[in-house]
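Below is one structure, written out as structure tokens, with a few remarks after it.
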Amino acid sequence: MSAKRTKDIIRVAAGQGFWGDWLEAPRRQVEGGDIDYLMLDYLAEVTMSILQKQKERDPKMGYARDFVGAIESILPAIAKRGVRVIANAGGVNPPACAEAIRGVAERGGARGQVRVGVVTGDDLLPRLDELLAAGHELRNMDTGEPLSIVRDRVLSANAYIGSVPIVEALDRGANVVITGRSTDTALTMAPIRYEFGWGAEDSDKLAAGIIAGHIIECGAQCSGGNCLYDWRNIPDLADVGYPIVEARADGTFDIVKHPKTGGRISVQSVTEQLVYEMGDPHSYITPDVIADFTSIQLDAAGTDRVHVHGIRGRPATDKLKVSVAYRAGFKAVGTLVYAWPDALDKAQKADEVLRARLAHLGLEFEQLLTEFVGVSATHGPLAGEFHEAPEVQLRVGVRSPDRATVERFTRELAPLVLNGPPSVTGFAGGRPKVEEIVAYWPALIDKGVVQTQVEVS
Amino acid sequence: MRVQLVDIAHARSGDKGDTANVGLIALRPEWFQFLEKYVTRERVRQHFRGVITGDVERYELPNLKALNFLLHGALDGGGTLSLKTDAQGKVFSTALLRMVLDVPDVEAKRYELPAARQ
């Protein structure tokens, strides 16, 4: 790996925390000040299966379409200022995503100035039967069951891949790197590692890069968004600044945001993000390194600046995590709103009536869940007793392997408006929608089985 | 004296399958020791009785003045299977902050803890 070391500090900016995040953020990150890299994270656990369904309908689809608009909005920065972009927007079809990006570059008059790097090899779906036959059982990490029991319902299967192929794409001159199921954290760590020439043995530094990635991978969630600490006084969320990592060769880094943006970066806001989705903090396992979150030191280092140091890591395991998505039946959720007086009593009575009717119809569900929104939906019995709520939303959800059963449920809610308890409203949205459930199956596979490829054009 | 977690800590939660995690962070560095001593795995298990179906694990992060709790069986199957409003456990954090602890007065004084508002 060749060390670039063109600068003492490398600035990696986060412009997207999930598919559906703020469309303005990528452009604001490149226009708000100097950055070297823009990192865009589009993939959540279920996103791959949605993309797989799109690809089945149209072989040119299967990637995060928002990315095309994002590139369009920042094309001058890529072409003229040398900002490089790394995104897992490729979904289950990175080559098609790359094609779309080349199209945007051409239309934007930046032909020849955009070199697209494509990382593939994470998609295990075409190889799934071969892998199972070779004895890779892909047992569910939570339940221990072998994948064979849901094989006929599998929609997508992707290995989480690390920073190495992204580094290769950068080294070969790509200024837009598109991956499929890369880990979110690798998107940030890869450019830092590339610039400073960190090798596989630099566990502490790689772990620092991973933790930098974890801090910014959810976008503004570390810079004032969804921040409980002192939330009333966080300035100007309408203009919130997304986070930027300022990384140094020694593995220390600062979390900052562009000047004159809203939000807040503080030890508290960064700590809240660090504990988000945390498991065992001693072992944050990635394809590149195992990071130890109990080693992280955070120092307030001025307004909207947190200095991060002390991070330790250990060599990675010989496994990769695999995310499999499979069809798991159908569900629907319907709601009605009951008003004062006796709002909760009315909602409870309506639920009784509804359940009796579903039973009379002989409908059986894998699950039938009733919640009273405004009373107990989020905190359950911990919320305590409520008297005289101004209104209560009755929210009923069902799940079944049989679509027709769920369909029938969706017809039973609206009649309650005229033939159930009184003072009911809030049904203007119409009948609940039946959704196919795509469930998630986490598994492990031997690293050697997954071969990534990099193409730069 | 009665002390409520919402007055001495902040928190964030997320999900992994059917498990919700809650990171509980001391509002003042010196309160971490108190949290570590009083917000035990057993106390949290008791708090969420009837709300979660599985066990509770606790990890300590003195460097971040934080405790991390894993609440198993919290999400009704989790992810896309769950029918819950909070299918991804985003607000389990605030459910933990409801916890009220009975603290000996001398201990409350030593840590300068605020009394529960209710």
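Computed from the coordinates by the stated procedures, all read-outs in this text should not be read as laboratory data. Just so we're clear, the structure is a prediction, and the values are computed from it rather than from any experiment. Here the Cβ is made from the backbone with ideal geometry for all residues, glycine too, and neighbour counts use every protein chain on show.
General remarks:
- Helix-only [θ]222 nm of chain B, DSSP H runs n ≥ 4, -39500 (n - 2.57) each, per residue, nearest 500: -5500 deg cm²/dmol
- Charging the Cβ of each Asp and Glu at -1 and of each Lys and Arg at +1, and nothing else, the dipole of the protein assembly as shown about its Cα centre rounds to 840 debye.
- Dipole of segment A:109-244, positive direction: furthest Cα of A:Pro191, A:Ile210, A:Leu132, with charges on the beta-carbon: A:Pro191
- Counting Cβ atoms of other protein chains within 10 Å of each Cβ in B:51-64 and taking the mean gives 4.
- Among A:Gly262, A:Pro442, B:Leu113 - extreme Cα towards positive end, dipole of the protein assembly as shown, charges at beta-carbon: A:Gly262
- Neighbouring partner chain Cβ atoms per residue of A:291-303, average, 10 Å criterion: 2
- Here is the list for segment A:1-92: GluC sites (Glu not before Pro) lying in DSSP coil, each with at most 15 other C-beta atoms within 10 angstrom of its C-beta, are A:Glu24.
- Length-normalised contact order for segment A:38-143 - Cα pairs under 8 Å, 6+ apart - percent: 27
- Remark: the A:His387-A:Leu132 segment gains 86.1 nm on full extension, using 0.36 nm per residue and subtracting the alpha carbon distance.
- Between helix A:184-196 and chain A: long-axis angle, C-alpha atoms, 0 to 90°, nearest 10: 10
- Where the Cα pairs of chain B fall when distances are cut into 5 Å bins, in %: 2, 13, 23, 23, 18, 11, 7, 3, 1, 0
- The Rg/Rh ratio for chain A, using Cα coordinates for both the radius of gyration and the Kirkwood hydrodynamic radius, is 1.02.
- Look at the stretch A:440-449: the mean tally of other chain Cβ atoms within 10 Å of its residues' Cβ atoms is 1.
- Between the helical axis of A:47-57 and the longest alpha-carbon principal axis of chain A there is an angle of about 80 degrees.
- Dividing the summed -39500 (n - 2.57) terms of all DSSP H runs of n ≥ 4 by the residue count of chain A sets its mean residue ellipticity at 222 nm at -8000 deg cm²/dmol.
- Angle in degrees between helix A:203-216 and the longest Cα principal axis of chain A, rounded to the nearest 10: 50
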